[in-house]
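The values are calculated or read from the model by the stated rules, or taken from the named source; none is laboratory data. Source: prediction; values computed, not measured. Ideal geometry is used to build each Cβ from the backbone, glycine not excepted, and the neighbour counts take in all protein chains shown. Calculation scope for accessible area: heavy atoms of the full protein, side chains included, ligands and nucleic acids excluded. Shrake-Rupley method; radii C 1.70, N 1.55, O 1.52, S 1.80 Å.
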Amino acid sequence: QVQLVESGGGLVQAGGSLRLSCAASGKIFRVGVMGWYRQAPGKQRDLVAIITSSGTTTYADSVKGRFAISRDNAKNTVYLQMNSLKPEDTAVYYCYGIINLSQSWGQGTQVTVSS
């Protein structure tokens with residue numbers, strides 16, 4: 001069984017930075033797109049950023065220029081560097097991946113940005 005385990009969330013002041021990590025583990029044959037979604041209280045889960053196995057990236061307009069997604073294919077790990085954080089970035093951040101041709105989700109990590 002495949003698992004995605006996130007780390008790196010926490011509390012930060014506006015303007016600060018955080019780096020999220022997500023590692024895939026288990027019996028892995030193939031890793032496709034990986035990425036991050038977020039869900040604020042009372043809102044739907046939205047795309048933050050995704051990255052293909054070849055390194056092509058896509059970002060939500062709200063995070064362009066502030067967040068950077070990257071991955072280490074040898075470690076089956078995806079990262080999200082978040083800079084210039086704003087209070088509206090506060091949410092639970094979920095790791096996402098197409099692992100062995102199936103969708104997998106992490107358990108979520110809380111990011112709170114104080115004003």
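Please find, among V92, V78, V31, V63, the residue that is over 18 Å from L4 (Cβ atoms), open to solvent by less than 70 Å² (accessible area, probe 1.4 Å) and of a type outside the set (G, A, S). From the options V92, V78, V31, V63, the qualifying one is V63.
Entry remark, segment 1-16: residues being exposed (fewer than 15 other Cβ atoms within 10 Å of the Cβ) and under 11 Å from the mean Cα position of the chain (by Cα) number 2 in total.
For the residues R38, R19, the requirement of being modelled with pLDDT of 95 or more, touching a Leu at 6+ places or on another chain (Cβ under 9 Å) and open to solvent by 80 Å² or more (accessible area, probe 1.4 Å) singles out R19.
Within segment 34-59, if we keep just the residues that are under 12 Å from the mean Cα position of the chain (by Cα) and of a type in the set (A, V, I, L, M), the residue that is farthest from Q107 (Cα to Cα) turns out to be I51.
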